[in-house]
Amino acid sequence: MSYREKDTENEILEAAKKVFIEKGMAGARMQEIADEAGINKSLLHYYYRSKDKLFLAVFRFAVLQFLPGIQEMLTSNIPFDEKIRRFVYRYIDILLENPFVPMFIIQEIQRDPERLFNAFLEVGMRPAQIIQQFREASEKGEIKDINPEDILVNTLSLCIFPFAAQPLMQRLFCENDEQVYKEWLENRKKTVPEFIINAVKK
């Protein structure tokens, strides 16, 4: 792929991300994405033949931004509580940049869980690697003897739910002020890891 083609593809992905954030998967239209990218619809279809394929490409793009930092964290020798802090901070950062991801995951779980599972594998997500970190921390006495799958699910849930439920929670807690809600989400980078650490530490 030439530099020009790569630039065009990146512009398409950025445009698609913006439209998916505004309209969601169901409401987005390929023509809107083409207009946002400043190209014609035929060129958009040259790169991505369907909205479904484009959405998966945007999803992979978002996840791949997250993985390098997580893998670096997992292989480091930093204390367990610091790993939790870095994991949550990075994860919430990615969700703030890509707020369409939680709803996409929830929809795909119901619609086509096998495809979602394969998408995770394709981008290199390996939950077993994270679970092993929890298991090793327990063996070292850094945390309680707790099922590592429970720790992972609880951590992911605390990060994801406020994004998936934003339309309701923003109205309930922030008088439907999007900026106030975003500030609250930013603050969860601190409160979520402390909640998890206090729940698992001895």
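Each reported figure results from applying straightforward, stated rules to the coordinates on display, with no laboratory input. The structure presented is a predicted model; accordingly, all values stated were derived computationally and were not measured. With ideal geometry, Cβ positions are generated from the backbone for all residues, glycine too; neighbour counts draw on all protein chains shown.
Points to keep in mind about this one:
- FRET efficiency estimate (nearest 0.05) - Cβ-Cβ, Asn40 to Arg60, R0 22 angstrom: 0.35
- In terms of packing, defined here as the mean over residues of other Cβ atoms within 10 angstrom, the peptides 168-174, 151-157 line up highest first as 151-157, 168-174.
- Helix 127-139 axis, angle to the chain major axis (alpha carbon atoms, nearest 10°): 10 degrees
- Too-long pairs where the Cα-Cα distance tops 19 Å, listed order kept, from Lys83/Lys202; Lys51/Lys182; Lys140/Lys202: Lys51/Lys182
- In whole angstrom, the chain maps to an equivalent ellipsoid with semi-axes of 34, 21, 15, each derived as √(5λ) from the alpha carbon gyration tensor and ordered largest first.
- Whichever lysines have a C-alpha closer than 25 Å to that of Lys53, once near sequence neighbours (fewer than 8 apart) are set aside: Lys6, Lys17, Lys18, Lys23, Lys41
- Base-10 log of normalised Debye intensity for the stretch 1-49 (one unit scatterer per alpha-carbon) at q = 0.31 Å⁻¹: -1.20
- Distances between placed amide hydrogens fall under 5 Å for Ile143 paired with Ser138, all partners being 5 or more residues away or on another chain.
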